[in-house]
Amino acid sequence: MDRATLDDLLLDAHSRNDPAALVTYYTMAADEREAAGDIDAACFFLTHAFVFALEHGAPEADSLNQRLVRHGRADRLKL
Amino acid sequence: MNKHSPLSSVLADVNTANGLPNEHYVDPGVFAEERQSVLYANWSGIGFGKDVPESGDAKPVDFLGMPLLIVRDRDGEIGVFQNTCRHRGMILVDAPKKIGGAIRCPYHSWCYSLKGELRATPHVGGPGQNKHEDVKNEYLGLVRIRSHVWRDVIFVNVDGNAPAFEDAHGELLERWKEFETPLFHGGDESSLKLEVKTNWKLAVENYCESYHLPWVHPGLNSYSRLEDHYNIEKRGHYSGQGTLVYRQLTDQDGATMPDFPGLSDKWDEGAEYIALYPNVLLGVQRDHSFAIILEPVDQGNTVEHIELYYAKSEADTPEHDGLRASNAQLWKTVFEEDVFVVEGMQKGRHGMLFDGGRFSPAMDGPTHNFHHWVATQIENGRSE
């Protein structure tokens, strides 16, 4: 998926206030940046994916928190 | 120089006392003083457990201008927090909602658990950096307001200095210990809300005396005469009235609603109506109870939140839907009959020459007991 399409999907998920979609698309954005070696950008998107997962009690919150911890960007949370 | 009227005449014995001066009903300055010394310094009612029935339910409440958040956590416990983010002071929750996982501030997305712990501070150390050595989450949880739930009423002590609820209200807990059984709210039609143009104290004062019953509620005369009532007065705690002739509602088949389990004979025809200072009005009868929270809006406006409870749930006793509806209508009629009185007394308090009023030594003890308590709280606040 190209970046423009992903941006559109993210904006749409925000407008629909769809937490599952927000977690999914921010994670995809993070994955893409991580693969490209852009860790700062990856952690920016991981942060957003994590926050929406945490807010809505989504199970992905735990693995997203672990990824941020691995990059030294967050403390480990007991979830 | 003390610019307020002296309260010594209020603190005198009921036989010679005057009521609280007009300024306690019409002056915004005294209202602000009461907010601190009377309502924030004691255990005030702000809501009902039934309004947050499930884990994750959150309800914001504006309590005299202070934003509070009622939350039922994953353990089923009710907590009350200041509804203000520890970051930039943003209101966290602006409408009742279900919290799936965490309370997220809508501004910069700082997140809190249902127990108020700060769980996430996104980008606090820069983009994608979610921690900073100088921002210590363990010290930045939501400000918890001291709370206690009794008879489904959520009480808070905002200033945190009142005695523990069980100590402050131990006498009433003991008096009504027979009613410490599960309560089931009667459903939508058992919730009543009255917006009344009166100072909140006048609603307390009218509630806790029986003197007015034959004049204002003539419908009660046929079975609940003045001489069938008694005064209830506990100096410094509560006051109200009791009746010796409570009669259960019956339907066309003669059926009644089930009693609360384990009650003694006293309650066969007994019922009590008590104002738990400052702003909660409670009633207990063998087959139902009610709780009223008086929400002081300003010195001349009050919202009465009235909730009726039963010994068994709606789901378990659908055959009593009609009786519950009739009972709610009966109480609605009684409470509405009181509106002109409390609004009329509020108007009367603008009479500049009114001296606070003279009590009936025989009939107004419960009302004076409340005035005495308010005056004591005010004096305590002024002496600090």
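Given the residues A:Leu64, A:Leu79, which is the only one that is hydrophobic (A, V, I, L, M, F, W, C), part of a helix (DSSP H, G or I) and surrounded by 13 or more Cβ atoms within 10 Å (Cβ to Cβ)?
Just one listed residue meets the conditions, A:Leu64.
Find all pairs meeting these conditions: Cβ atoms under 7 angstrom apart; at least six residues apart or on different chains; first residue within the range B:335-348 and within 15 Å of B:Tyr211 (Cβ to Cβ); second residue in a helix (DSSP H, G or I) and of a type in the set (S, T, N, Q).
As it stands, the answer is B:Asp338/B:Asn206; B:Val341/B:Asn206; B:Val342/B:Asn206, since those pairs meet every condition given.
Out of the range B:139-174, which residues are among the aliphatic types (A, V, I, L, M) and without any contact (Cβ under 8 Å) to a residue 24 or more places away in the chain?
Correct list: B:Ala164, B:Leu173.
What number of residues within the range B:116-133 satisfy the criterion of being more than 7 Å from chain A (Cβ to nearest Cβ) and either more than 16 Å from A:Lys78 (Cα to Cα) or at pLDDT below 95 (or both)?
Within the range B:116-133, residues that are more than 7 Å from chain A (Cβ to nearest Cβ) and either more than 16 Å from A:Lys78 (Cα to Cα) or at pLDDT below 95 (or both) number 5.
Kindly check whether there is at least one residue in the range B:28-39 that is within 14 Å of another protein chain (Cβ to nearest Cβ) and outside any strand (DSSP E or B).
no
Out of (1) polar (S, T, N, Q); (2) in a strand (DSSP E or B); (3) over 30 Å from B:Ser5 (Cα atoms), the odd one out for B:Thr302 is which?
Here B:Thr302 clears every test but (3).
In the range A:60-70, which residue that is free of Cβ contacts under 8 Å to residues at least 12 places away in the same chain and within 13 Å of the chain's Cα centre (by Cα) is farthest from the other protein chains (Cβ to nearest Cβ)?
Selected residue: A:Ser63.
Would you tally the residues in the range B:49-87 being surrounded by 17 or more Cβ atoms within 10 Å (Cβ to Cβ) and of a type in the set (Ser, Thr, Tyr)?
1
Tell me which residues, restricted to the range B:62-87, are assigned to a strand (DSSP E or B) and over 22 Å from the mean Cα position of the chain (by Cα).
Residue satisfying the conditions is B:Thr84 alone.
Might you check whether a residue that is modelled with pLDDT of 95 or more and farther than 24 Å from B:Phe31 by Cα occurs anywhere in the range B:213-229?
no
When the range B:88-104 is examined, which residues are found to be within 11 Å of chain A (Cβ to nearest Cβ), assigned to a loop (DSSP other than H, G, I, E, B) and surrounded by fewer than 20 Cβ atoms within 10 Å (Cβ to Cβ)?
Scanning the range B:88-104 gives a single hit, B:Gly100.
Looking only at the range A:40-51, how many residues end up being touching a residue at least 24 places away in the same chain (Cβ under 8 Å) and facing chain B (nearest Cβ under 8 Å)?
Qualifying residue count, the range A:40-51: 6.
Among the residues of the range A:1-34, write down those that are in a helix (DSSP H, G or I) and more than 23 Å from A:Pro59 (Cα to Cα).
Hits for the range A:1-34 are A:Arg3, A:Ala4, A:Thr5, A:Asp7, A:Asp8.
State all residues of the range B:134-163 that are outside any loop (DSSP other than H, G, I, E, B), more than 10 Å from chain A (Cβ to nearest Cβ) and either surrounded by fewer than 20 Cβ atoms within 10 Å (Cβ to Cβ) or in contact with a His (Cβ under 9 Å, 6 or more places away or on another chain) (or both); if no residue qualifies, say none.
B:Val135, B:Glu138, B:Tyr139, B:Arg144, B:Arg146, B:His148, B:Val149, B:Trp150, B:Ile154, B:Phe155, B:Val156, B:Asn157 - these are the residues of the range B:134-163 that are outside any loop (DSSP other than H, G, I, E, B), more than 10 Å from chain A (Cβ to nearest Cβ) and either surrounded by fewer than 20 Cβ atoms within 10 Å (Cβ to Cβ) or in contact with a His (Cβ under 9 Å, 6 or more places away or on another chain) (or both).
Output the number of the condition that B:Gly283 fails; it satisfies all remaining conditions of (1) touching a residue at least 40 places away in the same chain (Cβ under 8 Å); (2) assigned to a strand (DSSP E or B).
In the conditions (1) touching a residue at least 40 places away in the same chain (Cβ under 8 Å); (2) assigned to a strand (DSSP E or B), B:Gly283 misses (1) alone.
In the list B:Tyr238, B:Tyr211, which residue meets the criterion of being surrounded by 14 or more Cβ atoms within 10 Å (Cβ to Cβ) and over 16 Å from the mean Cα position of the chain (by Cα)?
Checking each option against the conditions leaves just B:Tyr211.
Output the strands (runs of 3 or more DSSP E) that fall wholly within the range B:175-280 and possess 1 or more residues being touching a residue at least 24 places away in the same chain (Cβ under 8 Å) and among the charged types (D, E, K, R), or say none.
Passing ranges, in order: B:191-196, B:229-234, B:271-276.
Only one of A:Val51, A:Val23 is out of contact with any strand residue (DSSP E or B) (no Cβ under 7 Å at 6 or more places or on another chain) and at pLDDT 95 or above; which?
A:Val23
Here is a yes/no grid of residues against (1) in contact with a Leu (Cβ under 6 Å, 6 or more places away or on another chain); (2) at pLDDT 95 or above; (3) at negative phi; (4) not in a helix (DSSP H, G or I):
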position: B:Ile306; (1), (2), (3), (4): yes, yes, yes, yes
position: B:Asp316; (1), (2), (3), (4): no, yes, yes, yes
position: B:Leu330; (1), (2), (3), (4): no, no, yes, no
position: B:Val334; (1), (2), (3), (4): no, no, yes, no
position: B:Gly344; (1), (2), (3), (4): no, yes, yes, no
position: B:Lys347; (1), (2), (3), (4): no, yes, yes, no
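Is there a residue being part of a strand (DSSP E or B), touching a strand residue (DSSP E or B) at 6+ places or on another chain (Cβ under 9 Å), modelled with pLDDT of 95 or more and surrounded by 21 or more Cβ atoms within 10 Å (Cβ to Cβ) anywhere in the range B:373-383?
No: zero hits.
The values are calculated or read from the model by the stated rules, or taken from the named source; none is laboratory data. What you see is a predicted model, and the numbers here were worked out from it, not measured in a lab. Heads up, the Cβs are rebuilt from the backbone with ideal geometry, glycines too, and the neighbour counts pull from every protein chain shown.
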